[in-house]
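Note sheet for the following structure.
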Amino acid sequence: MRLILLRSSPLLKIVRFPHPTLRHRSKPLRRVDQELKAVVAEMFDLMYEAKGIGLAANQVHLPFQLFVVNVTGERNIDEEMVFINPVVSAPRGQNTAEEGCLSLPGLFADVTRAAQVNVSAYDLKGNRVDRGVDGMLARVIQHELDHLQGTLFIDRLNPIDLRTLTPDLERMEREFAAERLAGKIGDEMQLRQEIADWETKYC
Ligand code: CO
């Protein structure tokens, strides 16, 4: 027998390159309600399941400025951070390290980012949080902020590394086309309508 769970939020799913919502420029989030809190809880679930340390809203086909982070990658509520309408400023120094992305599974390459940044964002309770960050947290925050602006880490690679990943990107494009043909991913119009519905409600 199958158990049917009643959910207060839609069933979210991590979308993969080249899903068009990954290129969507996210809008500010204007309100937080129970449904939005359920969405955030589900984003953490998906992130842990996929063994990630950060996940942006447009990676689950949602159009607003929100991302979740837990740099330990292990389920622990004390380590969970939610960034709403984040602003990153005052980049200092440079650091190059290997990155991956849950929307580009199995692909890794070196990305150069600021070593330290300031980040200012709201949390789920509506508190404004301002802090300076460095190390892995600074890297994850810059990666997730890129997502909200429609940028992927593959957009920041040197030409040689990008060339190395090109066969994988082409394979992912073929997989996406096949899934769409099979009706597992909506057509452009359907996706745009879903985005517009979320924006009407929250942005
Ligand atoms: Co990513």
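The values are calculated or read from the model by the stated rules, or taken from the named source; none is laboratory data. Predicted model, so just to flag it, every value in this text is computed and none were measured. Every residue, glycine among them, receives a Cβ derived from its backbone with ideal geometry; neighbour counts consider all protein chains shown. Protein only, heavy atoms only, side chains kept; ligands, DNA and RNA dropped before computing areas. Shrake-Rupley method; radii C 1.70, N 1.55, O 1.52, S 1.80 Å.
In whole percent, and with a 1.4 Å probe on the protein chains, what portion of the accessible area of the chain is carbon and sulfur?
52
For a Förster distance of 25 Å, can you work out the FRET efficiency between the beta-carbons of residue 171 and residue 95, rounded to the nearest 0.05?
Rounded to the nearest 0.05, the efficiency is 0.25.
In the Gaussian network model of the chain, springs joining C-alpha atoms below 10 Å, which of 181, 55, 157 carries the largest mean-square fluctuation?
181
Can you give the accessible area of residue 89, probe radius 1.4 Å, in Å² rounded to 10?
50
Using only the heavy atoms of the protein chains and a 1.4 Å probe, how would 13, 125, 201 rank by accessible area, largest first?
125, 13, 201
Indicate the gyration tensor shape class of the chain (rounded, prolate or oblate), computed on the Cα atoms with a ≥ b ≥ c the square roots of the eigenvalues: a/c under 1.5 is rounded; otherwise a/b larger than b/c is prolate and the rest oblate.
It comes out oblate by the Cα gyration axes.
Keeping all protein chains in position, work out how much accessible area residue 172 exposes to a 1.4 Å probe, and write it in Å² to the nearest 10.
Using a 1.4 Å probe on the heavy atoms, I get roughly 10 Å².
Got a number for the accessible area of residue 169? Probe 1.4 Å, square angstrom, nearest 10.
20
Ordering 156, 174 by accessible area with a probe of 1.4 Å, largest first, what comes out? Provide the component values of the computation, followed by the final result.
On the way: 156 120, 174 150 Å².
Result of the area sort, largest leading: 174, 156.
Direction-averaged shadow area of the convex hull around the Cα atoms of the stretch 164-203, nm²? Don't skip to the answer; put the middle values down first.
On the way: hull surface 15.6 nm².
That works out to 3.9 nm².
Hey, can you find the accessible area per residue of the chain for me, probe 1.4 Å, expressed in square angstrom?
Value for the chain: 56 Å² per residue.
Round to the nearest 0.05 the FRET efficiency obtained for residue 127 and residue 27 when R0 = 25 Å and r is the Cβ-Cβ distance.
Numbers: r = 21 Å, r/R0 = 0.84.
Rounded to the nearest 0.05, the efficiency is 0.75.
I want to check the label-to-label distance for residue 164 and residue 192. Put each point 7 Å from Cα in the C-beta direction and report it in nm to one decimal.
3.8
Between residue 78 and residue 120, take the C-beta separation as r, use R0 = 25 Å, and let me know the FRET efficiency to the nearest 0.05.
After rounding to 0.05, the efficiency reads 0.70.
Can you compute the modelled spin-label distance between residue 184 and residue 151, with each label point 7 Å from Cα toward Cβ, in nm?
3.1
What do you reckon, how do 123, 45 stack up by accessible area (1.4 Å probe), largest on top? Mind dumping the intermediate values first?
Working: 123 40, 45 60 Å².
Largest accessible area first, the residues go 45, 123.
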